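Below is one structure, written out as structure tokens; the observations come after it.
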Amino acid sequence: GSGDYPVGQLRRGSIGGLLKYVTVDPSTDAFSGQVSVGSTHVHYGDDLGHSVRGSVNIPLGDTLALRLSGFTVNDPGYIDNPQAGKRDTNDRDATGGRLVMLWQPAETTSVKFGAIVQESNRNGMAEIDRSLGTDPKRSFRPGTGIYDRETQLYSLTVKSSLGPVEFVSATGYGTEESTSVLDVTSLFTPGFANSAFPGTSDIVTSATIEDEKLTQEF
């Protein structure tokens, strides 16, 4: 978002492309809010997905305002797993929230703090195996195909007009942790698991990746 997770003003002309989200800032004008509810359906899927989103703007005086927003989303699955006898295994659940506080002690100065937290859980792999038929299917061991990700982003943006010059300090801090448990047997030749690891028929890999980033721009 604009100022919520600074990505660098100088990178707007990125040759490789850049997608910029401009979020709504808090306002001291009036109390306001909104709620939206949605539903989705995907081809080959049996279940309906849903989404609930809401936000509220809270003035806390003439110079201070707070904005809160949150959401919960379920994306329905559409890939069946014949090995486990389960349908629509690749459904996804995601929840998150955002808090932004804006303080404007003077007409020429503003301080904005932002925080975003999001958690996403996918229960099955999104890839399919065409050898199993025309319908989207993939065989994998029960308890695999899981992908969980948790993201936290924090920012502090200070702006001050100094005559014809505007001073901007943008500080960002973010953490991300993802965990996956995947059945990768199909990537190897038939019988490889048993020949390399006698007594086994599947090859399962798991990984946890943690990322931490701190940025400071003036």
Exercise for review: For the chain, please report how many Lys pairs fall under 22 Å Cα to Cα, leaving out neighbours fewer than 8 apart on the same chain.
Suggested key: 6
Point to revise | Largest-first ordering by accessible area, 1.4 Å probe, given options 62, 88 | key: 62, 88
Review point. Given the Cα atoms of the range 20-146, and with Rh set as the inverse mean 1/r over their pairs in the Kirkwood sense, what is Rg to Rh to two decimals?
Key: 1.21
Point to revise | Rounded to the nearest 20 debye, dipole of the range 126-174 from Cβ charges on Lys, Arg, Asp, Glu | key: 140
Review point. Using a basic spin-label model with each label point 7 Å from the Cα along Cα→Cβ, how many nm lie between residue 58 and residue 95?
Key: 1.9
Check your understanding: How big is the accessible area of residue 180 in square angstrom, nearest 10, if you roll a 1.4 angstrom probe over the protein chains?
Key -> 20
**Study point:** Most to least accessible of 147, 154, 21 (protein chains only, probe 1.4 Å)
**Key:** 21, 147, 154
Exercise for review: Would you rank 218, 31, 71 by solvent-accessible area, highest first, keeping every protein chain in place and using a 1.4 Å probe?
Suggested key: 218, 31, 71
Exercise for review: Starting from the range 82-129, pick out the GluC sites (Glu not before Pro) whose DSSP state is loop and whose Cβ has at most 16 other Cβ atoms within 10 Å.
Suggested key: 107, 127
Check your understanding: Toward the positive end of the charge dipole of the chain, about the Cα centre and with charges on Cβ (Lys, Arg +1; Asp, Glu -1), which of 152, 111, 76 goes farthest?
Key -> 111
Point to revise | Base-10 log of normalised Debye intensity for the range 84-129 (one unit scatterer per alpha-carbon) at q = 0.14, 0.26 Å⁻¹ | key: -0.57, -0.94
Review point. Hey, rough spin-label estimate for residue 186 and residue 107, points 7 angstrom out along Cα→Cβ, what's it come to in nanometres?
Key: 6.4
Exercise for review: Based on a Kirkwood Rh over C-alpha pairs, give the Stokes-Einstein translational diffusion coefficient of the chain at 4 °C and viscosity 1.567 mPa s in µm²/s.
Suggested key: 62
Point to revise | Per-residue SASA entry for residue 134, accessible area with 1.4 Å probe, Å² rounded to 10 | key: 110
Exercise for review: Set the Förster distance to 22 Å, then compute FRET efficiency between residue 126 and residue 152 from the Cβ-Cβ distance, nearest 0.05.
Suggested key: 0.35
**Study point:** Lys, Arg +1 and Asp, Glu -1 on Cβ, resulting dipole of the range 59-209 about Cα centre, debye, nearest 20
**Key:** 60
Check your understanding: Summing +1 for each Lys or Arg and -1 for each Asp or Glu, what net charge is found among the other residues whose Cβ lies under 9 Å from the Cβ of residue 122?
Key -> -2
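The values are calculated or read from the model by the stated rules, or taken from the named source; none is laboratory data. Given the structure is predicted, the values throughout are model-derived calculations rather than measurements. FYI the Cβ positions are ideal-geometry reconstructions off the backbone, even for glycines, and counts take in every protein chain you see. Only protein heavy atoms, including side chains, enter the accessible area calculation; ligands, DNA and RNA are left aside. Shrake-Rupley method; radii C 1.70, N 1.55, O 1.52, S 1.80 Å.
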